[in-house]
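Working notes, structure below.
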Amino acid sequence: MNKPVESAAIADAAHAYPEQFLYIDGEFIGASARAGSTVRNPATGQVLGQLPHATADDLQRALQAAERAFATWKTSSPLDRSAILRKVGQMVRDRAQQIGRGITMDMGKPLAEAVGEAMSCAEHCDWHAEECRRIYGRVIPSRLPNVRQMVLRQPVGVCVAFTPWNFPLNQAIRKIAAAIGAGCTIVIKGPEDAPSALSELARMFDEAGLPKGVLNVVWGVPHEVSQTLIASPIVRKVSFTGSVPVGKQLAALAGQHMKRMTMELGGHSPVVVFDDAEIERAAQLLSGFKFRNAGQVCVSPTRFYVQEKAFDKFMAAFIAAARTIKVGDGLDPESSMGPLAHERRVPAIVSFVEDAARRGGRVETGGERIGSVGNFFAPTILTQVPDDSLVMTTEPFGPVAPCVPFKTVDEVLRRANSLPYGLSSYVFTTSTKHALAMQNGLEAGNVNINHFGQAMPEVPFGGVKDSGIGSEGGAETFDGYLTTKFVTQMD
Ligand code: NAD
(Lines give C-alpha, C1' and ligand atoms only; values in the text may rest on other atoms or scores of the structure.)
Protein backbone atom coordinates (compact mmCIF):
# COMPACT_ATOMS: atom_id res chain seq x y z
CA MET A 1 0.00 0.00 0.00
CA ASN A 2 1.35 3.45 -0.89
CA LYS A 3 1.39 5.29 2.38
CA PRO A 4 3.73 7.76 4.07
CA VAL A 5 5.62 5.92 6.81
CA GLU A 6 6.50 7.46 10.18
CA SER A 7 9.06 5.93 12.48
CA ALA A 8 11.17 6.91 15.47
CA ALA A 9 14.32 6.70 13.34
CA ILE A 10 12.87 9.18 10.87
CA ALA A 11 11.80 11.57 13.63
CA ASP A 12 15.30 11.41 15.18
CA ALA A 13 16.98 12.12 11.88
CA ALA A 14 14.98 15.35 11.53
CA HIS A 15 16.97 16.75 14.46
CA ALA A 16 20.21 16.22 12.57
CA TYR A 17 19.58 18.76 9.81
CA PRO A 18 22.72 20.87 9.50
CA GLU A 19 22.93 24.61 10.07
CA GLN A 20 22.82 26.64 6.83
CA PHE A 21 25.19 29.43 5.77
CA LEU A 22 26.00 32.06 3.22
CA TYR A 23 29.62 31.61 2.07
CA ILE A 24 31.16 34.90 0.98
CA ASP A 25 34.86 35.66 0.57
CA GLY A 26 35.76 32.62 2.65
CA GLU A 27 33.41 33.59 5.49
CA PHE A 28 30.47 31.48 6.65
CA ILE A 29 27.50 33.61 7.73
CA GLY A 30 24.79 31.80 9.68
CA ALA A 31 21.04 32.27 10.01
CA SER A 32 21.35 34.17 13.28
CA ALA A 33 23.11 37.00 11.41
CA ARG A 34 20.60 37.51 8.56
CA ALA A 35 16.87 37.47 7.88
CA GLY A 36 15.90 34.62 5.58
CA SER A 37 13.52 31.77 4.88
CA THR A 38 12.43 28.53 6.49
CA VAL A 39 13.48 25.11 5.20
CA ARG A 40 10.83 22.41 5.52
CA ASN A 41 10.77 18.66 5.13
CA PRO A 42 8.38 17.82 2.25
CA ALA A 43 7.62 14.41 3.77
CA THR A 44 6.41 15.75 7.10
CA GLY A 45 5.93 19.49 6.73
CA GLN A 46 8.29 19.90 9.71
CA VAL A 47 10.56 22.92 9.91
CA LEU A 48 14.16 21.76 9.48
CA GLY A 49 15.96 25.06 9.90
CA GLN A 50 16.48 28.64 8.81
CA LEU A 51 18.33 29.85 5.73
CA PRO A 52 20.11 33.23 5.80
CA HIS A 53 19.43 35.40 2.76
CA ALA A 54 22.09 37.65 1.29
CA THR A 55 21.53 41.38 1.70
CA ALA A 56 22.23 43.75 -1.19
CA ASP A 57 25.61 44.45 0.45
CA ASP A 58 26.35 40.73 0.72
CA LEU A 59 25.75 40.28 -3.02
CA GLN A 60 28.13 43.12 -3.85
CA ARG A 61 30.68 41.73 -1.42
CA ALA A 62 30.44 38.29 -3.06
CA LEU A 63 30.93 39.82 -6.52
CA GLN A 64 33.90 41.88 -5.41
CA ALA A 65 35.45 38.88 -3.67
CA ALA A 66 35.06 36.84 -6.84
CA GLU A 67 36.61 39.64 -8.90
CA ARG A 68 39.56 39.96 -6.51
CA ALA A 69 40.12 36.20 -6.42
CA PHE A 70 39.99 35.97 -10.22
CA ALA A 71 43.11 38.12 -10.50
CA THR A 72 45.21 35.28 -9.09
CA TRP A 73 43.05 32.19 -9.69
CA LYS A 74 43.12 32.74 -13.46
CA THR A 75 46.89 32.17 -13.45
CA SER A 76 46.85 29.28 -10.97
CA SER A 77 48.39 26.00 -12.06
CA PRO A 78 45.90 23.48 -13.45
CA LEU A 79 47.64 20.97 -11.18
CA ASP A 80 46.62 22.98 -8.11
CA ARG A 81 43.04 23.31 -9.35
CA SER A 82 42.99 19.62 -10.10
CA ALA A 83 44.26 18.74 -6.63
CA ILE A 84 41.51 20.76 -4.93
CA LEU A 85 38.79 19.20 -7.08
CA ARG A 86 40.14 15.73 -6.31
CA LYS A 87 40.22 16.46 -2.60
CA VAL A 88 36.62 17.61 -2.66
CA GLY A 89 35.64 14.52 -4.65
CA GLN A 90 37.09 12.30 -1.93
CA MET A 91 35.43 14.34 0.83
CA VAL A 92 32.07 13.98 -0.91
CA ARG A 93 32.57 10.20 -1.05
CA ASP A 94 33.50 10.11 2.64
CA ARG A 95 30.45 12.21 3.60
CA ALA A 96 27.97 10.74 1.10
CA GLN A 97 25.64 9.34 3.78
CA GLN A 98 25.47 12.60 5.70
CA ILE A 99 25.03 14.71 2.54
CA GLY A 100 22.43 12.28 1.23
CA ARG A 101 20.44 12.48 4.45
CA GLY A 102 20.33 16.28 4.18
CA ILE A 103 19.08 16.02 0.58
CA THR A 104 16.39 13.52 1.54
CA MET A 105 15.26 15.73 4.40
CA ASP A 106 15.01 18.96 2.44
CA MET A 107 13.82 17.76 -0.97
CA GLY A 108 12.37 14.33 -0.33
CA LYS A 109 14.08 11.81 -2.63
CA PRO A 110 14.77 8.32 -1.19
CA LEU A 111 18.03 8.15 0.75
CA ALA A 112 19.60 5.63 -1.64
CA GLU A 113 19.01 8.05 -4.55
CA ALA A 114 20.37 10.96 -2.53
CA VAL A 115 23.53 9.05 -1.58
CA GLY A 116 23.83 8.04 -5.25
CA GLU A 117 23.68 11.72 -6.17
CA ALA A 118 26.59 12.39 -3.81
CA MET A 119 28.64 9.57 -5.35
CA SER A 120 27.94 10.98 -8.79
CA CYS A 121 29.03 14.43 -7.54
CA ALA A 122 32.37 12.90 -6.56
CA GLU A 123 32.72 11.57 -10.11
CA HIS A 124 32.06 15.05 -11.51
CA CYS A 125 34.85 16.38 -9.29
CA ASP A 126 37.23 13.68 -10.54
CA TRP A 127 36.35 14.25 -14.19
CA HIS A 128 36.88 18.00 -13.98
CA ALA A 129 40.10 17.45 -12.02
CA GLU A 130 41.36 15.34 -14.92
CA GLU A 131 40.04 17.47 -17.78
CA CYS A 132 41.24 20.82 -16.42
CA ARG A 133 44.79 19.62 -17.05
CA ARG A 134 43.93 19.25 -20.74
CA ILE A 135 42.69 22.72 -21.62
CA TYR A 136 44.73 23.08 -24.79
CA GLY A 137 45.16 25.90 -27.28
CA ARG A 138 46.60 25.30 -30.75
CA VAL A 139 49.19 26.54 -33.23
CA ILE A 140 47.96 27.49 -36.70
CA PRO A 141 50.49 27.24 -39.57
CA SER A 142 51.27 30.75 -40.74
CA ARG A 143 51.74 32.17 -44.24
CA LEU A 144 55.13 33.65 -43.34
CA PRO A 145 58.21 31.85 -41.96
CA ASN A 146 58.81 34.41 -39.21
CA VAL A 147 55.24 34.50 -37.90
CA ARG A 148 53.78 32.27 -35.22
CA GLN A 149 49.99 32.07 -34.86
CA MET A 150 48.43 30.69 -31.71
CA VAL A 151 45.02 30.20 -30.20
CA LEU A 152 44.88 30.60 -26.43
CA ARG A 153 41.96 29.56 -24.28
CA GLN A 154 41.59 31.67 -21.19
CA PRO A 155 39.13 31.70 -18.29
CA VAL A 156 36.20 33.99 -19.04
CA GLY A 157 36.13 35.67 -15.62
CA VAL A 158 33.59 35.93 -12.80
CA CYS A 159 30.64 33.56 -13.35
CA VAL A 160 27.23 33.51 -11.71
CA ALA A 161 25.10 30.38 -11.48
CA PHE A 162 21.56 29.50 -10.42
CA THR A 163 20.72 25.91 -9.63
CA PRO A 164 17.49 24.06 -8.76
CA TRP A 165 16.29 21.73 -6.04
CA ASN A 166 15.75 18.45 -7.91
CA PHE A 167 19.46 17.50 -7.82
CA PRO A 168 20.62 20.10 -5.31
CA LEU A 169 24.20 18.80 -5.23
CA ASN A 170 24.81 17.70 -8.81
CA GLN A 171 23.29 20.64 -10.61
CA ALA A 172 25.63 22.81 -8.53
CA ILE A 173 28.83 20.78 -8.88
CA ARG A 174 28.54 20.72 -12.69
CA LYS A 175 28.80 24.50 -12.73
CA ILE A 176 31.21 24.95 -9.83
CA ALA A 177 33.70 22.31 -11.02
CA ALA A 178 33.64 23.63 -14.59
CA ALA A 179 34.15 27.25 -13.48
CA ILE A 180 36.87 26.49 -10.93
CA GLY A 181 38.62 23.97 -13.20
CA ALA A 182 38.74 26.52 -16.04
CA GLY A 183 40.31 29.15 -13.77
CA CYS A 184 37.15 31.21 -13.27
CA THR A 185 35.59 32.32 -9.99
CA ILE A 186 31.91 31.94 -9.22
CA VAL A 187 28.99 33.27 -7.20
CA ILE A 188 26.25 30.65 -7.03
CA LYS A 189 22.67 30.92 -5.80
CA GLY A 190 21.37 27.47 -4.96
CA PRO A 191 17.85 26.26 -4.25
CA GLU A 192 16.41 27.93 -1.15
CA ASP A 193 14.03 24.98 -0.62
CA ALA A 194 16.86 22.42 -0.52
CA PRO A 195 20.06 24.16 0.55
CA SER A 196 21.93 21.59 2.65
CA ALA A 197 23.94 19.93 -0.15
CA LEU A 198 25.35 23.18 -1.53
CA SER A 199 26.16 24.49 1.95
CA GLU A 200 28.12 21.30 2.61
CA LEU A 201 29.85 21.61 -0.75
CA ALA A 202 31.03 25.11 0.20
CA ARG A 203 32.30 23.70 3.50
CA MET A 204 34.29 21.02 1.66
CA PHE A 205 35.86 23.41 -0.85
CA ASP A 206 36.85 25.61 2.07
CA GLU A 207 38.42 22.67 3.92
CA ALA A 208 40.17 21.56 0.71
CA GLY A 209 42.02 24.88 0.62
CA LEU A 210 40.21 26.73 -2.17
CA PRO A 211 41.39 30.35 -1.93
CA LYS A 212 38.78 32.68 -0.50
CA GLY A 213 36.52 34.39 -3.01
CA VAL A 214 36.89 31.71 -5.72
CA LEU A 215 33.57 30.17 -4.67
CA ASN A 216 30.77 32.19 -3.07
CA VAL A 217 27.36 30.78 -2.13
CA VAL A 218 24.35 33.05 -1.68
CA TRP A 219 20.64 32.60 -1.05
CA GLY A 220 17.69 34.95 -1.40
CA VAL A 221 14.58 35.79 -3.41
CA PRO A 222 15.52 34.16 -6.74
CA HIS A 223 14.54 36.90 -9.18
CA GLU A 224 16.05 39.64 -7.01
CA VAL A 225 19.37 37.84 -6.68
CA SER A 226 19.58 36.90 -10.36
CA GLN A 227 18.74 40.43 -11.52
CA THR A 228 21.42 41.94 -9.31
CA LEU A 229 24.11 39.42 -10.19
CA ILE A 230 23.52 39.24 -13.94
CA ALA A 231 23.41 43.03 -14.32
CA SER A 232 26.72 43.51 -12.49
CA PRO A 233 29.56 44.66 -14.76
CA ILE A 234 31.86 42.35 -12.78
CA VAL A 235 30.11 39.28 -14.19
CA ARG A 236 31.13 37.75 -17.52
CA LYS A 237 29.14 34.51 -17.63
CA VAL A 238 25.71 33.24 -16.54
CA SER A 239 24.75 29.61 -16.07
CA PHE A 240 21.25 28.48 -15.13
CA THR A 241 19.49 25.15 -14.70
CA GLY A 242 15.73 25.29 -14.28
CA SER A 243 12.48 25.85 -16.11
CA VAL A 244 12.14 27.14 -19.69
CA PRO A 245 10.18 30.31 -18.73
CA VAL A 246 12.73 31.37 -16.09
CA GLY A 247 15.60 30.41 -18.42
CA LYS A 248 14.21 32.69 -21.12
CA GLN A 249 13.97 35.58 -18.65
CA LEU A 250 17.55 35.11 -17.48
CA ALA A 251 18.83 34.63 -21.05
CA ALA A 252 17.16 37.90 -22.05
CA LEU A 253 18.80 39.67 -19.12
CA ALA A 254 22.17 38.11 -19.95
CA GLY A 255 21.75 39.20 -23.57
CA GLN A 256 20.90 42.74 -22.53
CA HIS A 257 24.22 42.92 -20.66
CA MET A 258 26.13 40.88 -23.30
CA LYS A 259 27.00 38.05 -20.93
CA ARG A 260 27.86 34.58 -22.10
CA MET A 261 25.41 31.95 -20.98
CA THR A 262 24.78 28.26 -20.50
CA MET A 263 21.11 27.35 -20.19
CA GLU A 264 20.09 23.85 -19.06
CA LEU A 265 16.33 24.05 -19.23
CA GLY A 266 13.32 21.81 -19.00
CA GLY A 267 12.25 19.07 -21.35
CA HIS A 268 9.26 16.95 -22.31
CA SER A 269 11.04 13.77 -23.24
CA PRO A 270 9.37 11.41 -25.69
CA VAL A 271 9.67 7.65 -25.28
CA VAL A 272 9.17 5.57 -28.41
CA VAL A 273 8.52 1.87 -27.87
CA PHE A 274 8.39 -0.10 -31.12
CA ASP A 275 6.48 -3.35 -31.27
CA ASP A 276 9.73 -5.17 -32.05
CA ALA A 277 11.19 -4.10 -28.67
CA GLU A 278 11.64 -6.32 -25.64
CA ILE A 279 8.36 -5.04 -24.26
CA GLU A 280 8.44 -6.34 -20.68
CA ARG A 281 12.03 -5.20 -20.18
CA ALA A 282 11.19 -1.76 -21.59
CA ALA A 283 8.18 -1.44 -19.28
CA GLN A 284 10.19 -2.42 -16.19
CA LEU A 285 13.08 -0.09 -16.99
CA LEU A 286 10.81 2.80 -17.89
CA SER A 287 8.76 2.48 -14.72
CA GLY A 288 11.91 2.76 -12.60
CA PHE A 289 13.24 5.68 -14.61
CA LYS A 290 9.94 7.55 -14.91
CA PHE A 291 9.20 7.57 -11.18
CA ARG A 292 12.79 8.21 -10.03
CA ASN A 293 12.87 11.37 -7.93
CA ALA A 294 9.04 11.38 -8.23
CA GLY A 295 9.42 12.38 -11.89
CA GLN A 296 11.05 15.67 -10.89
CA VAL A 297 13.89 15.29 -13.36
CA CYS A 298 14.48 17.43 -16.45
CA VAL A 299 15.16 14.28 -18.52
CA SER A 300 12.29 12.29 -17.04
CA PRO A 301 10.40 10.35 -19.74
CA THR A 302 7.15 12.27 -20.08
CA ARG A 303 5.35 11.25 -23.30
CA PHE A 304 5.07 7.54 -24.02
CA TYR A 305 4.42 6.59 -27.65
CA VAL A 306 3.89 2.82 -27.94
CA GLN A 307 3.44 1.12 -31.29
CA GLU A 308 -0.12 -0.17 -31.70
CA LYS A 309 0.48 -3.91 -31.71
CA ALA A 310 2.51 -3.75 -28.48
CA PHE A 311 0.33 -1.19 -26.71
CA ASP A 312 -1.76 -3.51 -24.51
CA LYS A 313 1.19 -5.70 -23.54
CA PHE A 314 3.32 -2.69 -22.67
CA MET A 315 0.55 -1.04 -20.66
CA ALA A 316 -0.15 -4.17 -18.60
CA ALA A 317 3.53 -4.51 -17.64
CA PHE A 318 4.06 -0.75 -17.11
CA ILE A 319 0.99 -0.38 -14.87
CA ALA A 320 1.91 -3.50 -12.87
CA ALA A 321 5.45 -2.16 -12.34
CA ALA A 322 4.17 1.27 -11.25
CA ARG A 323 1.86 -0.34 -8.70
CA THR A 324 4.83 -1.96 -6.95
CA ILE A 325 6.40 1.42 -6.19
CA LYS A 326 6.38 2.20 -2.48
CA VAL A 327 5.71 5.86 -1.82
CA GLY A 328 6.88 7.16 1.54
CA ASP A 329 9.35 9.21 3.52
CA GLY A 330 12.70 8.98 1.75
CA LEU A 331 14.43 8.19 5.05
CA ASP A 332 12.46 4.95 5.25
CA PRO A 333 14.52 2.28 3.46
CA GLU A 334 11.29 0.70 2.21
CA SER A 335 10.37 3.79 0.17
CA SER A 336 11.16 3.75 -3.54
CA MET A 337 9.54 7.13 -4.24
CA GLY A 338 9.45 10.14 -1.93
CA PRO A 339 7.12 13.14 -1.76
CA LEU A 340 7.01 15.97 -4.28
CA ALA A 341 9.60 18.52 -3.24
CA HIS A 342 7.08 21.28 -2.44
CA GLU A 343 3.49 21.80 -1.55
CA ARG A 344 3.09 23.89 -4.76
CA ARG A 345 3.91 20.86 -6.93
CA VAL A 346 0.81 18.97 -5.71
CA PRO A 347 -1.81 21.27 -7.32
CA ALA A 348 0.46 21.50 -10.37
CA ILE A 349 0.32 17.71 -10.86
CA VAL A 350 -3.42 17.60 -10.08
CA SER A 351 -4.01 20.13 -12.88
CA PHE A 352 -2.34 17.81 -15.43
CA VAL A 353 -4.50 14.87 -14.35
CA GLU A 354 -7.74 16.91 -14.28
CA ASP A 355 -7.10 18.41 -17.71
CA ALA A 356 -6.45 14.94 -19.16
CA ALA A 357 -9.62 13.55 -17.55
CA ARG A 358 -11.70 16.44 -18.93
CA ARG A 359 -10.46 15.60 -22.43
CA GLY A 360 -11.40 11.92 -22.23
CA GLY A 361 -8.17 10.60 -20.70
CA ARG A 362 -8.25 7.53 -18.46
CA VAL A 363 -6.42 7.24 -15.16
CA GLU A 364 -5.00 3.70 -15.24
CA THR A 365 -3.35 3.96 -11.84
CA GLY A 366 -2.75 6.68 -9.25
CA GLY A 367 -4.07 10.12 -10.13
CA GLU A 368 -4.25 11.57 -6.65
CA ARG A 369 -2.47 12.83 -3.57
CA ILE A 370 -1.72 10.28 -0.85
CA GLY A 371 -2.60 11.22 2.73
CA SER A 372 -2.81 14.72 4.15
CA VAL A 373 0.67 15.02 5.69
CA GLY A 374 3.58 15.62 3.28
CA ASN A 375 3.40 16.15 -0.48
CA PHE A 376 2.90 12.55 -1.52
CA PHE A 377 1.40 11.81 -4.91
CA ALA A 378 0.69 8.37 -6.35
CA PRO A 379 2.62 7.16 -9.41
CA THR A 380 0.14 7.99 -12.16
CA ILE A 381 -0.39 6.49 -15.61
CA LEU A 382 -2.81 8.01 -18.08
CA THR A 383 -4.08 6.65 -21.42
CA GLN A 384 -6.39 8.01 -24.16
CA VAL A 385 -4.86 11.44 -23.72
CA PRO A 386 -5.12 13.75 -26.73
CA ASP A 387 -1.86 15.16 -28.11
CA ASP A 388 -2.98 18.72 -27.35
CA SER A 389 -3.73 18.07 -23.65
CA LEU A 390 -1.77 19.91 -20.97
CA VAL A 391 0.20 16.83 -19.91
CA MET A 392 1.29 16.09 -23.50
CA THR A 393 2.38 19.65 -24.23
CA THR A 394 3.76 21.13 -20.96
CA GLU A 395 6.59 19.64 -18.91
CA PRO A 396 4.80 17.87 -16.05
CA PHE A 397 7.84 17.56 -13.72
CA GLY A 398 6.12 14.96 -11.57
CA PRO A 399 5.07 11.31 -11.34
CA VAL A 400 2.72 11.33 -14.34
CA ALA A 401 3.12 9.17 -17.44
CA PRO A 402 0.72 9.71 -20.35
CA CYS A 403 0.79 6.80 -22.84
CA VAL A 404 -0.61 6.82 -26.39
CA PRO A 405 -0.38 4.47 -29.39
CA PHE A 406 1.31 5.20 -32.74
CA LYS A 407 1.47 3.45 -36.11
CA THR A 408 4.48 4.51 -38.23
CA VAL A 409 8.02 5.88 -37.92
CA ASP A 410 7.17 9.13 -39.71
CA GLU A 411 4.11 9.68 -37.57
CA VAL A 412 5.91 9.13 -34.27
CA LEU A 413 8.82 11.37 -35.29
CA ARG A 414 6.41 14.13 -36.22
CA ARG A 415 4.57 13.83 -32.89
CA ALA A 416 7.76 13.49 -30.83
CA ASN A 417 9.28 16.58 -32.48
CA SER A 418 6.12 18.66 -32.34
CA LEU A 419 6.94 20.54 -29.11
CA PRO A 420 9.43 23.38 -28.59
CA TYR A 421 11.39 21.23 -26.07
CA GLY A 422 14.44 19.19 -27.12
CA LEU A 423 16.25 17.79 -24.10
CA SER A 424 16.12 14.02 -23.93
CA SER A 425 14.48 11.11 -25.74
CA TYR A 426 14.18 7.33 -25.35
CA VAL A 427 13.75 4.56 -27.87
CA PHE A 428 13.15 0.85 -27.38
CA THR A 429 13.55 -1.35 -30.46
CA THR A 430 15.48 -4.39 -31.70
CA SER A 431 15.49 -3.03 -35.27
CA THR A 432 18.65 -1.24 -36.40
CA LYS A 433 16.54 0.49 -39.04
CA HIS A 434 14.22 1.96 -36.40
CA ALA A 435 17.17 2.85 -34.16
CA LEU A 436 18.89 4.73 -36.98
CA ALA A 437 15.74 6.58 -38.00
CA MET A 438 15.25 7.70 -34.41
CA GLN A 439 18.84 8.80 -33.72
CA ASN A 440 18.83 10.78 -36.94
CA GLY A 441 15.33 12.18 -36.65
CA LEU A 442 14.67 13.01 -32.98
CA GLU A 443 15.15 16.69 -32.17
CA ALA A 444 16.83 16.23 -28.79
CA GLY A 445 20.17 16.83 -27.10
CA ASN A 446 20.24 13.22 -25.86
CA VAL A 447 18.97 10.05 -27.51
CA ASN A 448 18.97 6.88 -25.38
CA ILE A 449 18.33 3.63 -27.23
CA ASN A 450 17.40 0.49 -25.26
CA HIS A 451 18.90 1.84 -22.04
CA PHE A 452 19.53 5.05 -20.10
CA GLY A 453 23.09 6.29 -20.42
CA GLN A 454 23.19 10.07 -20.22
CA ALA A 455 24.41 12.76 -17.80
CA MET A 456 27.55 11.00 -16.59
CA PRO A 457 30.55 13.33 -16.18
CA GLU A 458 32.39 12.00 -19.23
CA VAL A 459 29.53 12.64 -21.67
CA PRO A 460 28.18 15.99 -22.86
CA PHE A 461 24.73 16.95 -21.63
CA GLY A 462 22.53 19.71 -22.98
CA GLY A 463 19.36 20.52 -24.84
CA VAL A 464 18.33 21.91 -28.21
CA LYS A 465 15.41 24.19 -29.12
CA ASP A 466 13.78 25.67 -25.98
CA SER A 467 15.63 23.18 -23.76
CA GLY A 468 18.76 25.23 -23.71
CA ILE A 469 22.07 26.49 -24.98
CA GLY A 470 25.45 24.88 -24.33
CA SER A 471 26.65 21.63 -22.80
CA GLU A 472 27.89 20.48 -19.43
CA GLY A 473 30.14 17.45 -18.93
CA GLY A 474 32.24 15.59 -21.47
CA ALA A 475 35.16 17.13 -23.33
CA GLU A 476 32.88 20.15 -23.91
CA THR A 477 32.56 20.92 -20.21
CA PHE A 478 34.89 23.94 -20.13
CA ASP A 479 33.79 25.46 -23.45
CA GLY A 480 31.34 27.84 -21.80
CA TYR A 481 33.95 29.04 -19.30
CA LEU A 482 36.78 29.88 -21.70
CA THR A 483 37.42 32.65 -24.17
CA THR A 484 39.28 32.11 -27.42
CA LYS A 485 42.17 34.50 -27.97
CA PHE A 486 44.12 34.60 -31.24
CA VAL A 487 47.77 35.66 -30.97
CA THR A 488 50.01 36.35 -33.94
CA GLN A 489 53.69 37.17 -33.44
CA MET A 490 56.45 38.21 -35.84
CA ASP A 491 60.07 38.00 -34.79
P1 NAD B 1 10.50 27.65 -10.74
O2 NAD B 1 10.67 27.82 -12.18
O3 NAD B 1 9.93 28.76 -9.94
O4 NAD B 1 11.91 27.31 -10.06
C5 NAD B 1 12.82 26.38 -10.59
C6 NAD B 1 14.21 26.75 -10.04
O7 NAD B 1 14.62 27.97 -10.60
C8 NAD B 1 14.20 26.96 -8.52
O9 NAD B 1 15.34 26.37 -7.97
C10 NAD B 1 14.19 28.48 -8.35
O11 NAD B 1 14.88 28.88 -7.17
C12 NAD B 1 14.91 28.95 -9.57
N13 NAD B 1 14.43 30.25 -10.03
C14 NAD B 1 13.15 30.62 -10.22
N15 NAD B 1 13.08 31.89 -10.67
C16 NAD B 1 14.35 32.34 -10.74
C17 NAD B 1 14.95 33.57 -11.14
N18 NAD B 1 14.22 34.60 -11.60
N19 NAD B 1 16.29 33.69 -11.07
C20 NAD B 1 17.06 32.66 -10.65
N21 NAD B 1 16.56 31.47 -10.28
C22 NAD B 1 15.22 31.30 -10.32
O23 NAD B 1 9.59 26.38 -10.53
P24 NAD B 1 9.42 25.35 -9.34
O25 NAD B 1 7.99 25.31 -8.93
O26 NAD B 1 10.46 25.50 -8.27
O27 NAD B 1 9.81 24.07 -10.13
C28 NAD B 1 8.96 23.54 -11.11
C29 NAD B 1 9.41 23.84 -12.51
O30 NAD B 1 10.79 24.10 -12.56
C31 NAD B 1 9.17 22.61 -13.34
O32 NAD B 1 8.04 22.81 -14.12
C33 NAD B 1 10.42 22.43 -14.15
O34 NAD B 1 10.19 22.81 -15.47
C35 NAD B 1 11.41 23.38 -13.61
N36 NAD B 1 12.64 22.77 -13.10
C37 NAD B 1 13.54 22.32 -14.00
C38 NAD B 1 14.71 21.75 -13.56
C39 NAD B 1 15.74 21.23 -14.53
O40 NAD B 1 16.63 20.49 -14.11
N41 NAD B 1 15.71 21.60 -15.79
C42 NAD B 1 14.96 21.63 -12.20
C43 NAD B 1 14.01 22.12 -11.30
C44 NAD B 1 12.86 22.70 -11.76
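The values are calculated or read from the model by the stated rules, or taken from the named source; none is laboratory data. Treat the numbers as computed from the prediction; the structure is a model and nothing was measured. Cβ: placed from backbone, ideal geometry, glycine included. Neighbour counts: every protein chain shown. Only protein heavy atoms, including side chains, enter the accessible area calculation; ligands, DNA and RNA are left aside. Shrake-Rupley method; radii C 1.70, N 1.55, O 1.52, S 1.80 Å.
For Ala122, state whether it is in a helix (DSSP H, G or I), in contact with a Ser or Thr (Cβ under 7 Å, 6 or more places away or on another chain) and assigned by TED's automatic domain parsing to the domain that holds Ile230.
No; evaluated as a whole, the condition is false for this residue.
If Ala254 passes every condition in (1) within 17 Å of Val156 (Cβ to Cβ); (2) within 10 Å of the ligand (Cβ to nearest atom) but one, which one does it miss?
Looking at each condition in turn, Ala254 falls short on (2).
Give Ser76, Ser32 a once-over and let me know the one that is more than 23 Å from the chain's Cα centre (by Cα) and not in a helix (DSSP H, G or I).
Only one candidate qualifies: Ser76.
Given (1) buried (at least 23 other Cβ atoms within 10 Å of the Cβ); (2) more than 30 Å from Asp94 (Cα to Cα), where does Arg236 come up short, assuming only one miss?
Going through (1) buried (at least 23 other Cβ atoms within 10 Å of the Cβ); (2) more than 30 Å from Asp94 (Cα to Cα) one by one, Arg236 breaks only (1).
Which pairs turn up if I take residues in segment 389-410 that are over 23 Å from Ala321 (Cα atoms) and look for partners that are basic (Lys, Arg) and more than 16 Å from the ligand (Cβ to nearest atom) with beta carbon separation below 8 Å, at least 6 apart in sequence or on another chain?
Listed pairs, sorted by first residue: Ser389/Arg359.
Checking the condition crowded, with 24+ Cβ neighbours inside 10 Å, in the same structural domain as Leu250 (by TED's automatic domain parsing), within 11 Å of the ligand (Cβ to nearest atom) and of a type outside the set (A, V, I, L, M, F, W, C), which residue from Gly190, Gly181 passes?
The match here is Gly190.
Which members of segment 164-174 meet the condition of being within 12 Å of the ligand (Cβ to nearest atom) and either in contact with an Asp or Glu (Cβ under 8 Å, 6 or more places away or on another chain) or open to solvent by 10 Å² or more (accessible area, probe 1.4 Å) (or both)?
Pro164, Trp165, Phe167, Pro168, Asn170, Gln171, Arg174 - these are the residues of segment 164-174 that are within 12 Å of the ligand (Cβ to nearest atom) and either in contact with an Asp or Glu (Cβ under 8 Å, 6 or more places away or on another chain) or open to solvent by 10 Å² or more (accessible area, probe 1.4 Å) (or both).
Condition first: open to solvent by 40 Å² or more (accessible area, probe 1.4 Å), within 21 Å of Ala178 (Cα to Cα) and either in contact with an Asp or Glu (Cβ under 8 Å, 6 or more places away or on another chain) or of a type in the set (Ser, Thr, Tyr) (or both). Now tell me which residues in segment 439-469 satisfy that.
Hits for segment 439-469 are Met456, Pro460, Val464.
Thr432 is checked against (1) surrounded by 24 or more Cβ atoms within 10 Å (Cβ to Cβ); (2) without any contact (Cβ under 8 Å) to a residue 40 or more places away in the chain; (3) β-branched (Val, Ile, Thr) and fails just one. What number does that condition carry?
Thr432 satisfies every listed condition except (1).
Can you name the residue in segment 239-248 that is surrounded by 17 or more Cβ atoms within 10 Å (Cβ to Cβ) and near the ligand (Cβ under 9 Å from one of its atoms) and is also nearest to Glu67 (Cα to Cα) among such residues?
Phe240
What number of residues within segment 280-294 are away from the ligand (no atom under 16 Å from the Cβ) and open to solvent by 10 Å² or more (accessible area, probe 1.4 Å)?
Here the count works out to 5.
Can you tell me how many residues within segment 129-163 are hydroxyl-bearing (Ser, Thr, Tyr), more than 23 Å from Ile230 (Cβ to Cβ) and either open to solvent by less than 60 Å² (accessible area, probe 1.4 Å) or within 16 Å of the ligand (Cβ to nearest atom) (or both)?
Adding up the residues that qualify gives 1.
Checking Arg260 against (1) over 30 Å from Cys184 (Cα atoms); (2) away from the ligand (no atom under 16 Å from the Cβ); (3) open to solvent by 50 Å² or more (accessible area, probe 1.4 Å), which test does it fail?
(1)
Please work out which one of (1) more than 16 Å from the ligand (Cβ to nearest atom); (2) small (Gly, Ala, Ser); (3) in contact with a Phe, Trp or Tyr (Cβ under 6 Å, 6 or more places away or on another chain) is the condition Ser418 fails and give its number.
The one condition Ser418 does not meet is (3).
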